[in-house]
Amino acid sequence: MALIRLYMTMSLDGYVAGPQDGLDAPMGIGGFRLFNWLDRRDDPGPSGQVYQEVLATRAVIAGRRTYEHAGRWQGDHHDGVPVFVLTHDVPDDPPPGSVRYVTDAAECAAQARAAAGDADVMVHGAGAAQALLRARQLDELELHVVPVLLGQGRRLFDGLPPEHIELTPVRRLTTPQEEDPTKHVLHLRYRIHHP
């Protein structure tokens, strides 16, 4: 069965976007700093490896906010894989490309797993991650921790209830220290244990 894995870049203080994010500033003030590591996505090494794993996923679950802020990915996240947008309200206009709107987290997870087959499902967005965690449908976290403090913005786990969730470390990859310091990132993977 397909694993559902969150892939999320965050600052060391837990922010996934800077302050004042919106459609005109999708990552907020200073938030694009979080993606400098992607400059190394085509290079051999940890960031290239992680990026290739992202491209190997065969379905995407995204929160509506993330989907809108990303310009709806013009209807195609990568290679035409199905994109399931978790939303409270389904828009009137039809979704572009391979996008489908889903209002229930468990149903969204079931559809994405079926679409992915034996491959994995990629999750984007703090809201989607939190909804899938609450529904006990998120299997793993792949966190790309960037050595910067944003101080304000949107945090990854702010909307969770005060429930204890155990994680098991699965992998830790880091960029070589001789690289450009603005491209440093620590890739951490955790398995989630649901009660």
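Values as computed for the structure displayed
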item	result
Net charge of Cβ neighbours under 15 Å - reference Gly125; Lys, Arg +1; Asp, Glu -1	+3
Whole-Å semi-axes of the range 116-192's equivalent ellipsoid (Cα gyration tensor)	24, 18, 12
Euclidean distance of C-alpha centroids, the range 105-145 and the range 1-78, integer Å	14
Given charges at beta-carbon only (K, R positive; D, E negative), |dipole| of the chain in Debye	320
For the chain, with +1 on Lys and Arg beta carbons and -1 on Asp and Glu, the positive-most of Ile165, Val16, Leu188 along the dipole	Ile165
Expected 222 nm ellipticity per residue - DSSP helices of 4 or more, -39500 (n - 2.57), all of the chain, to 500	-5500 deg cm²/dmol
Around Tyr7: net Lys/Arg minus Asp/Glu count, Cβ-Cβ under 11 Å	-2
Surrounding net charge for Thr57, when Lys and Arg each add one and Asp and Glu each subtract one, Cβ distance under 13 Å	-4
Rounded accessible area per residue of the chain, 1.4 Å, Å²	49
Portion, in percent, of the accessible area of the range 121-193 that falls on carbon or sulfur, probe 1.4 Å	52
Positive-end residue of Leu150, Phe35, His78, charge dipole of the range 1-155 with Cβ unit charges	Leu150
Cα gyration tensor, the range 20-60 - rounded (a/c under 1.5), prolate or oblate	oblate
Rounded, prolate or oblate (a/c below 1.5 giving rounded, otherwise prolate when a/b exceeds b/c) for the range 39-89 by Cα gyration tensor	prolate
Ratio Rg/Rh, restricted to the range 59-149 and using Cα atoms, in which Rh is the Kirkwood radius	0.96
Size of the range 1-92 as Cα extents on the principal axes (Å, biggest first)	43, 36, 22
Whole-number D in µm² s⁻¹ for the chain, Kirkwood Cα-pair radius fed into Stokes-Einstein, 37 °C, 0.692 mPa s	193
Heavy-atom accessible surface of the range 35-74: percent carbon and sulfur, 1.4 Å	48
For the range 57-111: rounded, prolate or oblate by the Cα gyration tensor [a/c cutoff 1.5]	oblate
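The values are calculated or read from the model by the stated rules, or taken from the named source; none is laboratory data. As the structure is a computational prediction, the values presented were derived from the model and not from experiment. Note: ideal-geometry Cβ built from the backbone for every residue, glycine included; neighbour counts use all protein chains shown. The protein model used for the area step is the full one, side chains on, heavy atoms only, and it has no ligands, DNA or RNA in it. Shrake-Rupley method; radii C 1.70, N 1.55, O 1.52, S 1.80 Å.
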